[in-house]
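Presented below is the structure to which this report refers.
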Amino acid sequence: MTHDATAENIISVTGLVKKFGDFTAVDDISFSVKKGEIFAFLGPNGAGKSTTIKMLTTLLAPTAGTITMNGHSTTAEPDAVRRSFGIVFQDPSLDDELTAYENMEFHGYLYDVPADVMKERIPELLRFVELWDRRGSLVKEFSGGMRRRLEIARGLLHHPKVIFLDEPTLGLDPQTRNHMWSYLQNLNKTEGITVFFTTHYMEEAERIAERIAIIDHGKIIASGTSDDLKKQTNKPSLEDAFLELTGKVIREEESNAQDRMRQMGRMWRGGKK
Amino acid sequence: MPKTVCAKWAGCGAAAKNKNTDMKTVYIMWLRQIKRYLRSRSRIVGALGQPILFLVALGYGLGATFQKAGEGNYFTFLGPGIIGMSIIFTAIFSGIEIIWDRQFGFLKETLVAPVSRFSIMMGRTLGGATVATIQGIIVFLIVLIPGFRPFNWALVPVAILFMLLVALLFTALGTMIASLLEDMQGFQLIMNFIVMPLFFLSGALFPLEGLPAALSAITKFDPLTYGIDAFRTLLVNLPVIGIGPDLAVLATVTAVFLILGSYFFSKIQV
């Protein structure tokens, strides 16, 4: 893979390192994502996936290396980078006490979307994810799938060039998953939006992604199309190729306070229903 | 399919920063706090329960003793204290709500947005302070029922401005604490070692004159003491410290807490 920052690349990562004390979470990785590409970023738990995404989305400062997105540096021009992407986090990030429409509006204000554009774009997007009829309902009444759809609509409101999806289909049934990917593929085709996603469902990556990078122990150990990876490992499916590349040992992640909070949050949300 | 309305909006994609962005951020964060407040009726009622309990139990329970001790009508004395109580509790909890935002993921939505963390923190704090002030005004109306009367109605709006200042101070304190905590585990600690002492040592319930020297010194370090004194001065004309020093202390501490609060908030990692 070449790492030169041509105009074709919407994301270029060079020599990216992240250390937490003595622990190196991301160990000198370089890769690029082409404009309009559907790119899957795969890896076992604790491989450095989330840390990389946090650096790409300006939530975490790299220890070394550079990231350029849409022509802007994530460290020197974080606001320009932030305007360039939309993100659907692994955990919900909606305000439960606001309605679907209000959540969209809130996002529009933060991204400085003009009022007349919002008036047109919010109904369009809510219809697109089939939530227009529920626009006035509080998000706390929404199911997991509805929330995820709303997050996608919200992530697209400010016309991002890239949409990040961190395990967007986790916990969704096959129908909703299928539906969601057809939205995203559609958007990718019509608006040319670059899709960067992570998933643990290998058949999903195989079916959807145009290009795949696999990270393990903080290093990118393989990249290419699904066929490339299968050929490289001489395996019939991406799942087998993935296991061949990353090994079959189960990874334990140490839970930090944040994870415990999420766990509590899930229990709390589950308990309220 | 969403059609592209991009052409209408020069700022499509990676837009140039508009000067109004910070104001818009402050406004929408403020509005969010207000909407959440107005929607949770149980929270409004719940937050009024405690001041009413104190008012009734202490007002009627200790009123006669207070009068006999030559201190005058206890409701007149207690009213400003109970108002201060509802403000400090609501304000600190509003600030601490950031922990919930963190837990329920909403904080991330604001932190990846192309806006300054300072404006996020300011909008939130102003929203929380507005809510706490509204609670204070509601409690003011409630204490009128057992016979509390301001000595000069013209000073009530000034008292409300002081309520806003006190609310701002404690919301900023709550924000500061919440930015330093990772989860709700420390909540009980905050209640017992910060909120309760601040409340009880402020002279909200008893006169500060004639306290043992050590205790009296401690009360001087409690910002709520100056808030309660300001309320008492403006509502019932019972000054101990004086409105000038009250304003100076409250304004200074608020400024310091806002600066520290936004500093710690800017350090939050999700």
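Descriptive notes on the structure:
- Sequence of B:233, A:57, A:225 once ranked by neighbouring C-beta atoms within 10 Å, starting from the fewest: A:225, B:233, A:57
- One equal scatterer on each Cα of chain A, no solvent, Debye formula: the resulting log10 I(q)/I(0) at q = 0.09 Å⁻¹ is -0.42.
- Of the residues A:52, A:144, A:243, the one whose Cα sits farthest toward the positive end of the charge dipole of chain A, with +1 on the Cβ of Lys and Arg and -1 on the Cβ of Asp and Glu, is A:144.
- Efficiency of FRET from Cβ geometry, residue B:64 and residue B:211, R₀ 22 Å, rounded to 0.05: 0.50
- Unit Cα scatterers, Debye sum, chain B: log10 I(q)/I(0) for q = 0.09, 0.10 Å⁻¹: -0.45, -0.55
- Hydrodynamic radius by Kirkwood, which averages 1/r over all alpha carbon pairs of the range A:49-199, in angstrom: 15.9
- Candidates B:216, B:86, B:179, ranked by Gaussian network fluctuation over chain B, Cα under 10 Å, top entry: B:216
- Nonlocal amide H pairs with residue A:38, under 5 Å, H built at 1.01 Å: A:195, A:210, A:211
- Projected onto its three principal axes, the C-alpha set of the range B:80-133 covers 42, 21, 11 Å, listed from the longest axis down.
- Amide H contacts for residue A:165 (H built 1.01 Å from N in the peptide plane; partners 5 or more residues away or on another chain; cut-off under 5 Å): A:88, A:196, A:197, A:198.
- FRET efficiency, residue A:210 to residue B:260 (Cβ-Cβ, R0 45 Å, nearest 0.05): 0.40
- Most positive-pole-ward Cα, A:14, B:255, B:20, against dipole of the protein assembly as shown from beta carbon charges: B:20
- Ellipsoid semi-axes in whole angstrom, largest first, where each is sqrt(5λ) of the Cα gyration tensor of the protein assembly as shown: 52, 23, 21
- Residue order, fewest to most beta carbons within 10 Å, for B:45, A:195: B:45, A:195
- Residue B:218 versus residue A:200: modelled label distance in nm, points set 7 Å from Cα along the beta carbon direction: 5.1
- Theoretical gain in end-to-end length, residue A:219 to residue A:63 [0.36 nm per residue, Cα-Cα removed]: 54.7 nm
- Rounded, prolate or oblate (a/c below 1.5 giving rounded, otherwise prolate when a/b exceeds b/c) for the range B:121-254 by Cα gyration tensor: oblate
- Sorted by Cβ neighbour density within 10 Å, fewest at the top, the residues B:202, B:42: B:42, B:202
- Among B:244, B:227, B:128, the residue with the largest mean-square fluctuation in a Gaussian network model of chain B, with springs joining Cα atoms closer than 10 Å, is B:244.
- Tensor-based shape of the range A:6-81 (alpha-carbon gyration tensor, a/c under 1.5 rounded, otherwise prolate or oblate): oblate
- Averaging the Cα positions of each part gives two centres, and for the range A:1-75 and the range B:250-270 these lie 32 Å apart.
- Pairs from A:34/A:119; A:189/B:108; A:49/B:108; A:219/A:248; A:161/A:230; A:140/B:267 whose Cα-Cα separation, in the structure shown, is over 25 Å: A:34/A:119; A:189/B:108; A:161/A:230; A:140/B:267
- If only the Cβ of Lys and Arg carry +1 and only the Cβ of Asp and Glu carry -1, the dipole of the protein assembly as shown around its Cα centre is close to 1040 debye.
- Shape category assigned to the range B:191-250 from the gyration tensor of Cα positions, a/c cut at 1.5: prolate
- Sequentially through the range B:91-98, phi angles give Karplus couplings (6.51, -1.76, 1.60; θ = phi - 60°) of 5, 4, 5, 4, x, 5, 3, 4 Hz, Gly and Pro residues having no value and appearing as x.
- Within a Gaussian network of chain A (alpha carbon springs, distance under 10 Å), most fluctuating of A:237, A:73, A:143: A:143
- Per residue Cα convex hull volume in Å³ - calculated over the range A:134-190: 97
- Distance from the range B:33-57 to the range A:187-247 (C-alpha centre basis), Å: 53
Each reported figure results from applying straightforward, stated rules to the coordinates on display, with no laboratory input. These numbers were taken from a predicted model, which means no experiment stands behind them. No Cβ is skipped: glycine too gets one built from the backbone with ideal geometry, and neighbour counts run over all protein chains shown.
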